[in-house]
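Reading through the structure tokens given below for one structure.
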Amino acid sequence: MIKSWILPLIFAVLLPTSVAGAASLDDAFLSARDAARAGDARRLEQLLPRFQGQLLEPYVQYWLLRTRLERLEHAELRAWLAANPDTPLSDYLRRDWLKQLGRNGQWETFSIERPALVNEDLETTCYALQARVQTDTTALREARPLWFVAQSLPQSCDPLFDALVRSQQLSTEDVWTRVRLALEAGQAGLASRVAAFLPKGQAPDASLLAAILGNPTAHLADARLELKSRAGREAAMFAVHRLARTSPQQAATHWTRLAPRFSEEERAYVWGMIGYFGAMRHDPAALEWFSRAKDMSDLQLGWKVRAALRAQRWPEVLASIEAMTPKEAEDPAWRYWRARALKTVGREAEALALLKPLSAEYSFYGQLAQEDLGGKVHAPAAAYKPTEQDIAAMAARPGIRRALALFQLDVRLEAVREWLWAIRGLSDRQLLAAAEVARRNSVYDRAINTAERTVFEHDFGLRYLAPYRDQLKAAARQLDLDEAWVNGLIRQESRFIAQARSRVGASGLMQLMPATAKWVAGKIGLKDWQWSQVTEIETNISLGTYYLRHVLDTLDGSPVLASAAYNAGPGRARAWRAGERMEAAIYAESIPFNETRDYVKRVMANSSYYAHNFSLQAQSLHGRIGVIEPRRRDREKSLGDTP
């Protein structure tokens, strides 16, 4: 039976509101959101009548439903889900319901409802496997791959792992493999919990692992190291690769002394870890350490490639990429560098076969491949523009309207989720219409991200928006900065969202940190500086472009180095250089921070497309990124780091 309080949602008709009423309703919505976060069902009940027939009514309904989930009848839940298929809230509620069913062991209902779930998480996946195991014991085999991860898993997975152990489908060696994965990730607590699956008396001492985590050198210096048991050897190996994170040379010294007391497999495993951390620190000995390893992971092979690139050892670049799993080897970076290696060793036909399809991709390596084939970088012409009727029809969709209303309220998490749900399954032309709707409503990040989803029909004017071009052009001219580069950097930093805030505290178009903004404000004589000004467009551009000019001047005028410095700090950008000149693409690929490595490549690729859009002239990414000059310690000592 459907409760009376849910009926208004199912049969709602949108009602007009006055401007004052809309403002009041906005406040009520934010209050309802706060109540939902606090689990305050009573407050939600009080606010619910105000949303009858309103655009965002499903949100208040959903929040209230969640507080009553355990008491609701299945018919009530199904009625609400049927009435709200065009919002992600339906998927969230179904997922919450499925988890409740799984906890209660109501497998029949779970199996009926699960096929309608769109976005499954790991907890639901494990419940789904539990449900299947009730009637199909072979389903247990599908749980086995879930075991081999270096992270804590939901409790819903535990019964599956217990069953795998009981049925002897999870061996003692499998348990040790996951213990190693946890220790590699620095998760000593997780390693101890996983070790509980080992036979009695075989688990490593939890307090010892915790001590090694904090001081690996002390453990390795202990002359009484216990290496006869598997637990003792694993603890020592953990200490070596933990030390390698900060000092691969010291780790190699300790391991050279200890290695004869270990098996061949154990020796190779640790050398692979030392090589990996050495390569990330650009240690020249990394390739020698890697040479003693066997059966390396894709992650280790990737860093062996990077070490070989910096050393210009092309046969090792090629061999390392060819040792990767097929899926990993398909990454654009490895396809490009494999092609370069093939060309270097005289296998030009094979190199061309890799470069040609890569050159059709709109990415950093796609641009480099295009140039290596003799072409230039250019944005494809927009073959299709949505009509006003197309745009109006897209703007009228309930999901799009809800998303825009949520953006207006600055509840971006809900707004982005609603938008993504609304554009699921759209054709290229519909995506371009949706992107144009976002652009007209100044939701620039959604405009860019939506336009990027097209497969065959593209609009690089939408993909590479420049909504603040006049302000940026003036600032770039004043500071002699490349306008295309500045736009490319902002596109990566904030997608032109003036109020953007990062998880680490950076704000505004150019994502300035408080200390950096304060330092620049002093340099440019900005009087009465207040942090609240950082999201003002003109102020943020003035501060950000000044800082960008500063790091460019202190880093040889290289936009690649300056981009790395803008993301990770000037000190790191300088330290990542080599002792001799290097291709900028190799420098970018060998940046040890995943975020910064991706950031630099995207900023530079963005810059090429902006330069083409602004000038309508074909561009050269090779020319734009140039080469990276060697470290000059005498000069760097005087530069120091800025905030």
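The values are calculated or read from the model by the stated rules, or taken from the named source; none is laboratory data. Predicted, not measured: the structure shown is a model, and the values here were computed from it. Please note: Cβ atoms are built from the backbone with ideal geometry, for glycine as well, and neighbour counts cover all protein chains shown. Side chains included, ligands, DNA and RNA excluded: accessible areas come from the protein's heavy atoms. Shrake-Rupley method; radii C 1.70, N 1.55, O 1.52, S 1.80 Å.
Helices (runs of 4 or more DSSP H) fully within the stretch 116-220 that include at least 1 residues being hydrophobic (A, V, I, L, M, F, W, C) and closer than 29 Å to Gly102 by Cα: 122-133, 158-166, 172-184, 188-195. Residues of the stretch 166-193 being within 22 Å of Leu209 (Cβ to Cβ), polar (S, T, N, Q) and more than 25 Å from the chain's Cα centre (by Cα), which ones? Selection gives Ser171, Thr172, Thr177, Ser192.
Residue-by-condition table, conditions (1) in contact (Cβ under 8 Å) with a residue 60 or more places away in the chain; (2) closer than 22 Å to Arg340 by Cα; (3) open to solvent by less than 40 Å² (accessible area, probe 1.4 Å):
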position	(1), (2), (3)
Pro260	no, no, no
Trp271	no, no, yes
Ile274	no, no, yes
Leu299	no, yes, no
Ala319	no, yes, no
Glu322	no, yes, no
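Which of the residues spanning the stretch 21-42 are more than 36 Å from the chain's Cα centre (by Cα) and modelled with pLDDT of 95 or more? The one that is more than 36 Å from the chain's Cα centre (by Cα) and modelled with pLDDT of 95 or more: Arg42. Considering the stretch 222-245 alone, what residues qualify as being open to solvent by 50 Å² or more (accessible area, probe 1.4 Å) and over 25 Å from Ala279 (Cα atoms)? Within the stretch 222-245, Asp222, Ala223, Arg224, Glu226, Lys228, Arg230 meet the criteria. Taking first residues from the stretch 368-391 that are closer than 30 Å to Arg440 by Cβ and open to solvent by less than 50 Å² (accessible area, probe 1.4 Å) and partners that are hydroxyl-bearing (Ser, Thr, Tyr) and part of a loop (DSSP other than H, G, I, E, B), the Cβ contacts under 9 Å between residues at least 6 apart in sequence or on separate chains come to Val377/Ser620; Ala379/Tyr362; Ala379/Tyr464; Pro380/Tyr362.
For every residue, the table says whether it meets (1) closer than 24 Å to Ala341 by Cβ; (2) of a type in the set (D, E, K, R); (3) touching a Leu at 6+ places or on another chain (Cβ under 8 Å); (4) modelled with pLDDT of 95 or more.
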residue	(1), (2), (3), (4)
Leu208	no, no, no, yes
Ala211	no, no, no, yes
Leu225	no, no, yes, no
Arg242	no, yes, yes, yes
Arg267	no, yes, no, yes
Asp283	yes, yes, no, yes
Glu288	yes, yes, no, yes
Ser291	yes, no, no, yes
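Among residues of the stretch 131-165 being open to solvent by less than 50 Å² (accessible area, probe 1.4 Å) and over 27 Å from Gln187 (Cα atoms), the one that is farthest from the chain's Cα centre (by Cα) is Val133.
Residues are listed down the side, and each one gets a yes or a no for (1) open to solvent by less than 10 Å² (accessible area, probe 1.4 Å); (2) at pLDDT below 95; (3) in a loop (DSSP other than H, G, I, E, B):
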residue	(1), (2), (3)
Tyr62	no, no, no
Glu70	no, yes, no
Ala82	no, no, no
Gly102	yes, no, no
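Restricting attention to the stretch 455-510, the residues that are assigned to a helix (DSSP H, G or I), under 18 Å from Asn567 (Cα atoms) and not small (Gly, Ala, Ser) total 8.
On inspection, Gln46 passes the criterion of being open to solvent by 10 Å² or more (accessible area, probe 1.4 Å), of a type in the set (S, T, N, Q) and part of a helix (DSSP H, G or I). For Ser192, indicate whether it is surrounded by fewer than 16 Cβ atoms within 10 Å (Cβ to Cβ), at pLDDT 95 or above and farther than 22 Å from Ser297 by Cβ. Spelling it out, it is not the case that Ser192 is surrounded by fewer than 16 Cβ atoms within 10 Å (Cβ to Cβ), at pLDDT 95 or above and farther than 22 Å from Ser297 by Cβ. With respect to (1) farther than 30 Å from Leu409 by Cα; (2) open to solvent by 40 Å² or more (accessible area, probe 1.4 Å), the lone exception for Arg95 is condition (1). Scanning the stretch 166-189 for residues that are farther than 20 Å from Leu122 by Cα and open to solvent by 70 Å² or more (accessible area, probe 1.4 Å) returns Arg166, Gln168, Glu173. Against the list (1) out of contact with any Ser or Thr (no Cβ under 6 Å at 6 or more places or on another chain); (2) open to solvent by 50 Å² or more (accessible area, probe 1.4 Å); (3) more than 26 Å from Arg257 (Cβ to Cβ), the condition Ala210 fails is (3).
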